[in-house]
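Undergrad: What follows is a single structure, and I will ask about it in a moment.
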Amino acid sequence: MRARAAATLLTLLAVTGCSAGGGAADDGSEPAPDDTLTVLAAASLTETFTTLAEEFEAEHPGVEVSLAFDSSATLAQQALEGAPADLLATADTRTIESAADALAAAPEIFATNTLVLVVPAGNPGGVTSVDDLVDGGYVACVETAPCGATWAALAADNGIDADPASLEVDVKAVLARVVADEVDAGIVYATDAVAAGDAVETIELPGAEQQVTSYPIAVLAQSSRPDLAQELADLVLGETGRQVLADAGFGVP
């Protein structure tokens with residue numbers, strides 16, 4: 001059974017409220033609603049959490065993992081508003097701390113990441129460093145998202161005052177515009193550059209190693225299956241999770 005991805009709270013509510021038992025159990029019956037775990041995860045975790053969700057489902061027959069990917073800030077707000085979810089994983093500690101009232105326990109760091117500059121394959125804009133960024137020639141995340149807040153700090157450190165063509169809601173939206181060759185460059189995480197493969201070329205950002213992003217995970221207070229949710233968190237935090245994350249380019253805490 002494959003994990004499903006939902007992008008918005010509306011979809012999340014539909015998945016958990018109307019079709020929580022989307023897959024069949026081993027005996028051919030539909031899983032009960034409490035056999036679905038819903039995970040709110042930062043967009044940059046799309047590939048790794050999809051893999052880990054499938055691993056967890058394979059180890060827990062009859063359990064379905066529903067994944068909702070979005071900006072960390074959006075997900076934290078959904079958690080605070082009582083979204084029917086079990087786990088929250090964000091792309092920085094600041095964001096998960098903003099959702100502290102919705103957490104059942106203290107969050108644990110499971111991975112790290114850094115920002116890079118990516119350009120479309122072939123580098124049609126001729127961008128070779130941040131010094132080549134011009135007004136309207138690149139895209140970045142909104143500052144409410146961890147990727148945007150980190151870029152704002154790096155841009156200040158490097159004296160970059162070129163205005164982006166747009167500020168996207170999350171890092172996957174930034175990457176999509178670069179891959180589509182809509183802009184000369186974009187600011188994404190190193191792991192997103194790895195996931196894009198030959199569709200992009202990567203340029204290091206000066207000082208990025210001093211602006212490391214830490215990824216925390218925590219069980220939500222509204223979880224209907226907190227013990228099972230903690231088992232999934234333990235998979236992410238454990239040896240299997242670390243290997244999947246390392247293969248995708250994440251650092252370990």
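Undergrad: From the residues in the range 174-232 that are assigned to a helix (DSSP H, G or I) and among the charged types (D, E, K, R), which one is farthest from residue 99 (Cα to Cα)? Even if it seems obvious, please write down each step before you answer.
TA: Taking the range 174-232 first, the residues assigned to a helix (DSSP H, G or I) are 174-179, 190-199, 208-210, 226-232.
Now restrict to residues that are among the charged types (D, E, K, R): 177, 192, 198, 209, 227, 231.
On the way: 177: 30, 192: 25, 198: 37, 209: 27, 227: 20, 231: 21 Å.
So the residue we want is 198.
Undergrad: Still on this structure, please answer the following. Against the definition (hydrophobic (A, V, I, L, M, F, W, C), crowded, with 21+ Cβ neighbours inside 10 Å and not in a strand (DSSP E or B)), how does residue 106 come out, yes or no? Give the derivation first.
TA: Numbers: hydrophobic (A, V, I, L, M, F, W, C): yes; crowded, with 21+ Cβ neighbours inside 10 Å: no; not in a strand (DSSP E or B): yes.
Criteria not met by residue 106.
Undergrad: Answer yes or no as to whether residue 163 is in contact (Cβ under 8 Å) with a residue 24 or more places away in the chain, touching a strand residue (DSSP E or B) at 6+ places or on another chain (Cβ under 6 Å) and either part of a loop (DSSP other than H, G, I, E, B) or closer than 17 Å to residue 250 by Cα (or both). Working first, answer last.
TA: Details: in contact (Cβ under 8 Å) with a residue 24 or more places away in the chain: yes; touching a strand residue (DSSP E or B) at 6+ places or on another chain (Cβ under 6 Å): no; either part of a loop (DSSP other than H, G, I, E, B) or closer than 17 Å to residue 250 by Cα (or both): yes.
It is false that residue 163 is in contact (Cβ under 8 Å) with a residue 24 or more places away in the chain, touching a strand residue (DSSP E or B) at 6+ places or on another chain (Cβ under 6 Å) and either part of a loop (DSSP other than H, G, I, E, B) or closer than 17 Å to residue 250 by Cα (or both).
Undergrad: Let me ask something else. Go through (1) under 24 Å from residue 47 (Cα atoms); (2) in contact with a helix residue (DSSP H, G or I) (Cβ under 6 Å, 6 or more places away or on another chain) and name the single condition residue 221 misses.
TA: If we test residue 221 against (1) under 24 Å from residue 47 (Cα atoms); (2) in contact with a helix residue (DSSP H, G or I) (Cβ under 6 Å, 6 or more places away or on another chain), just (1) comes out false.
Undergrad: Let me spell it out: the conditions are (1) out of contact with any helix residue (DSSP H, G or I) (no Cβ under 7 Å at 6 or more places or on another chain); (2) assigned by TED's automatic domain parsing to the domain that holds residue 130; (3) at pLDDT below 95; (4) not hydrophobic (A, V, I, L, M, F, W, C), and residue 181 meets all of them except one. Which number is the exception?
TA: So the condition that residue 181 fails would be (3).
The values are calculated or read from the model by the stated rules, or taken from the named source; none is laboratory data. For clarity, every value in this text was computed on a predicted model and none was experimentally measured. We place every Cβ from the backbone using ideal geometry, glycine too, and count neighbours over all the protein chains shown.
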